[in-house]
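Chemist: I'd like to ask some things about the structure below.
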């Protein structure tokens with residue numbers, strides 16, 4: 001009897017690296033000429049980021065700086081879900097950016113249906129905020145990983161717990 005192989009598909013964010021990227025962004029904002037004398041700030045909570053500045057341009061510039069720092073620290077930028085830029089007190093503007101952790105049920109269904117379309121001899125199972133893929137052959141699992149990396153699901157996918 002063949003032993004099944006498996007792996008898990010997750011979408012995780014290393015919050016320590018995210019904190020480092022936010023701190024580097026704060027340092028760069030203080031040093032940049034276009035932010036001199038302005039009240040621009042970025043704060044990190046457990047589930048979201050809050051950007052405040054004097055106008056839309058500075059909010060967008062801060063977000064661009066943050067994305068650059070995230071890329072350098074290997075934090076997936078697809079995990080950011082920016083909200084609308086809203087008016088804040090004192091004539092400033094703010095933007096709340098939620099940090100997506102885990103795979104939502106809709107995205108998990110999309111991943112499992114894509115795997116079924118591949119016609120590989122593997123089974124997919126949704127488990128809370130991750131998807132488990134099992135199959136008899138390692139080669140089928142490796143093909144599934146390769147095809148999942150090629151397709152864009154608008155979230156960052158990581159492949160962990162490969163067991164044979």
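The values are calculated or read from the model by the stated rules, or taken from the named source; none is laboratory data. Everything numeric here is computed off the predicted structure, so don't read it as measured data. Glycine also receives a Cβ, built like all others from the backbone with ideal geometry; neighbour counts cover every protein chain displayed.
Chemist: Show me the strands (runs of 3 or more DSSP E) found entirely inside the stretch 101-164 where at least 2 residues are touching a helix residue (DSSP H, G or I) at 6+ places or on another chain (Cβ under 6 Å), over 13 Å from residue 11 (Cα atoms) and at pLDDT 90 or above.
Modeler: Working: elements: 122-127, 130-135, 158-163.
Once the strands (runs of 3 or more DSSP E) in the stretch 101-164 are filtered for at least 2 residues that are touching a helix residue (DSSP H, G or I) at 6+ places or on another chain (Cβ under 6 Å), over 13 Å from residue 11 (Cα atoms) and at pLDDT 90 or above, nothing remains.
Chemist: For the stretch 133-164, enumerate the residues that are in contact (Cβ under 8 Å) with a residue 40 or more places away in the chain and more than 19 Å from the chain's Cα centre (by Cα).
Modeler: Residues of the stretch 133-164 that are in contact (Cβ under 8 Å) with a residue 40 or more places away in the chain, as a first pass: 133-138, 141, 145, 148, 153-164.
133, 134, 135, 136, 137, 138, 141, 161, 162, 163, 164, listed by residue number.
Chemist: So, one more: Going by the structure shown, is residue 58 at pLDDT 85 or above, closer than 16 Å to residue 160 by Cα and over 14 Å from the mean Cα position of the chain (by Cα)? Talk me through it step by step, then tell me what you get.
Modeler: On the way: at pLDDT 85 or above: yes; closer than 16 Å to residue 160 by Cα: no; over 14 Å from the mean Cα position of the chain (by Cα): yes.
For residue 58, the condition - at pLDDT 85 or above, closer than 16 Å to residue 160 by Cα and over 14 Å from the mean Cα position of the chain (by Cα) - is not met.
Chemist: Restricting to the stretch 24-64, what's the tally of residues that are out of contact with any strand residue (DSSP E or B) (no Cβ under 9 Å at 6 or more places or on another chain) and assigned to a helix (DSSP H, G or I)?
Modeler: First, the residues of the stretch 24-64 that are out of contact with any strand residue (DSSP E or B) (no Cβ under 9 Å at 6 or more places or on another chain): 24, 27-28, 30-34, 36-37, 57, 64.
Within this subset, residues satisfying the condition of being assigned to a helix (DSSP H, G or I) are 24, 27-28, 30-31, 33-34, 57, 64.
Counting residues in the stretch 24-64 that are out of contact with any strand residue (DSSP E or B) (no Cβ under 9 Å at 6 or more places or on another chain) and assigned to a helix (DSSP H, G or I) gives 9.
Chemist: Given the criteria closer than 20 Å to residue 15 by Cβ, exposed (fewer than 12 other Cβ atoms within 10 Å of the Cβ) and either touching a helix residue (DSSP H, G or I) at 6+ places or on another chain (Cβ under 9 Å) or free of Cβ contacts under 8 Å to residues at least 24 places away in the same chain (or both), does residue 79 qualify?
Modeler: No, not satisfied.
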